[in-house]
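Working notes, beginning with the structure itself.
We did not get these values from a lab; they are worked out from the coordinates using the rules stated. It should be emphasised that the depicted structure is a prediction, and the values quoted were computed from it without experimental measurement. As a convention, Cβ positions derive from the backbone with ideal geometry for all residues, glycine included, and neighbour counts pool all protein chains shown.
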Amino acid sequence: MQFFNHFLREKGVKNDLRSLLYHIARSIKYINFSLRAGNTAKLDSSNASGEEQMKLDVLSDKIISNELEKSELAAVIASEEQETPLKFSAPRGQYAVTYDPLDGSSLVDANLAIGSIFGIWDTTDLIGTTGRKNLIAACYGVYGPRVIFVIAVKGKGVHEFELNDVGEFCLTHENRTVALESKYFAPGNLRCTRSDDKYLALVQDWIRQGRTLRYSGGMVPDLHHILSKGQGIFSYPRDEKYPDGKLRLLFECDPFSLIFEEAGGASLNQEGTPILDMKVEEIHQRVPIFVGSKTEVERAIEKIK
Ligand code: AHM
Ligand code: MG
């Protein structure tokens with residue numbers, strides 16, 4: 001049985017990056033514990049002992065920021081839950097970590113799978129950079145019937161680990177890959193088809209071609225489905241409500257773009273630019289995204305551009 005830390009050492013991942021991933025893995029375990037303890041996202045009241053209980057997304061944010069501070073490796077952290085980035089003194093490193101502490105938290109009360117997403121940058125100046133230049137690793141945790149931790153370190157592939165009964169992440173899949181073509185589709189923001197005929201035609205094509213719909217409304221489980229099956233396309237285009245798309249560049253799209261490119265897939269914005277090549281202009285920047293099997297993603301962009 002291979003534990004993630006040993007496995008990453010064998011892969012030649014630097015000590016400080018492994019240590020940062022170790023702290024992220026700990027935060028995933030604590031968030032999972034809070035979820036299983038029944039602290040649903042709707043809860044924002046007093047518990048039986050009269051203590052204030054936090055909403056799960058706020059609690060997850062705190063768990064992660066505490067762990068990252070403890071690591072002494074993250075000098076800057078930026079969270080989807082925080083207006084502005086936080087600076088720490090980081091005697092052992094100069095990384096920035098961007099994260100969505102609990103993506104899809106509105107699905108918690110329905111007991112659907114949700115997740116946490118992380119990007120690790122080798123710069124503390126996020127504004128003006130691109131994922132291509134400074135994003136060196138990305139990972140996510142999926143809280144479903146099982147707890148899964150997927151890590152991509154640039155140039156070292158995408159690897160999957162599962163939490164065992166004694167709280168260790170064990171290797172289950174080495175070098176996940178995504179095929180060029182796919183039978184699965186996960187079309188986000190179908191509201192957009194009311195005003196965008198091209199997106200309507202694209203989705204109708206997928207339906208007519210007899211493809212299989214796999215869409216839960218949670219980006220993490222929806223993209224994890226694609227990675228597990230080794231094929232699929234996920235889309236979240238812009239519309240009137242979300243003129244720049246809904247999903248965030250730093251917290252969701254850049255990390256998943258690194259993971260999918262590492263696995264041989266593609267991740268493009270609505271103009272066909274790789275998300276990793278997009279300049280970071282603001283911390284909460286949003287971007288329309290088409291991600292998954294490379295040929296499918298390129299074909300989709302040709303049809304809706
Ligand atoms: P969140 O970060 O507020 O949880 O929103 C992100 C989620 C994604 O998980 C999912 O793909 C998307 O929102 C679904 O959006 P919609 O509610 O428009 O269907
Ligand atoms: Mg989110």
So, with +1 on the Cβ of K and R and -1 on the Cβ of D and E, and no other charges, what is the size of the charge dipole of the chain about its Cα centre, to the nearest 20 debye? 700
Label-point separation in nm, Glu240 to Thr295, each point 7 Å along Cα→Cβ: 3.8
Arranged from highest to lowest average of other beta-carbon atoms within 10 Å per residue, in what order do the peptides 277-283, 118-124 appear? 118-124, 277-283
Check cross-link reach from Lys11 to the lysines: straight Cα distance under 27 Å, and skip same-chain residues fewer than eight apart. Lys29, Lys70, Lys133, Lys154, Lys156, Lys229, Lys294
Neighbours of Ala90 by Cβ distance under 12 Å: Lys/Arg at +1, Asp/Glu at -1, summed charge 0
Of all DSSP beta bridges having both residues in segment 2-173, the percent classed as antiparallel (nearest 5) is 85
Excluding residues on the same chain fewer than 8 positions from Lys198, give the lysines whose Cα lies under 17 Å from its Cα. Lys303, Lys305
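How large is the helix-only mean residue ellipticity at 222 nm for the chain, computed as the sum of -39500 (n - 2.57) over DSSP H runs with n ≥ 4, divided by its residue count, in deg cm²/dmol to the nearest 500?
Helix contribution divided over all residues of the chain: -9500 deg cm²/dmol.
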For Lys14, the aspartates and glutamates lying under 17 Å Cα to Cα, once residues fewer than eight places off in the same chain are dropped, come out as Glu72, Asp122
Positive end of the charge dipole of the chain (Lys, Arg +1 and Asp, Glu -1 on Cβ, about the Cα centre): tell me which of Gly167, Gly141, Thr212 has its Cα farthest that way. Thr212
Along the dipole axis of the chain (charges at Cβ: +1 for Lys and Arg, -1 for Asp and Glu; origin at the Cα centre), the most positive-end residue among Val108, Thr123, Ile289 is Ile289
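Quick one, what does Rg over Rh come out to for the chain if you take C-alpha atoms and the Kirkwood Rh?
0.96
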For segment 208-280 and segment 119-176, write down the distance between their C-alpha centroids in whole Å. 16
Test of understanding: extend the Cα→C-beta vector of Lys154 to 7 Å, then name every residue of segment 253-281 with backbone N under 18 Å from that spot. 253-268, 274-281
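Compute the signed sum of charges (Lys and Arg +1, Asp and Glu -1) over the other residues within less than 9 Å, Cβ to Cβ, of Thr130.
Charge balance in the 9 Å sphere: +1.
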Over segment 184-304, relative contact order from alpha-carbon pairs under 8 Å, at least 6 apart, %: 28
Of Phe234, Thr177, Gln94, farthest towards positive along the dipole that unit charges on Lys, Arg, Asp, Glu beta carbons give the chain: Thr177
So what is the relative contact order of the chain, in percent, for Cα pairs below 8 Å that sit 6 or more residues apart? 16
Along Cα→Cβ, 7 Å out, is where each label goes; now give me the distance between the ones at Lys87 and Arg208 in nm to one decimal. 5.7
Quick check on the chain: of the DSSP beta bridges with both residues there, what percent are antiparallel, nearest 5%? 80
Quick one: putting +1 on the C-beta of Lys and Arg, -1 on the C-beta of Asp and Glu, what dipole do you get for segment 103-217 around its Cα centre, in Debye to the nearest 20? 520
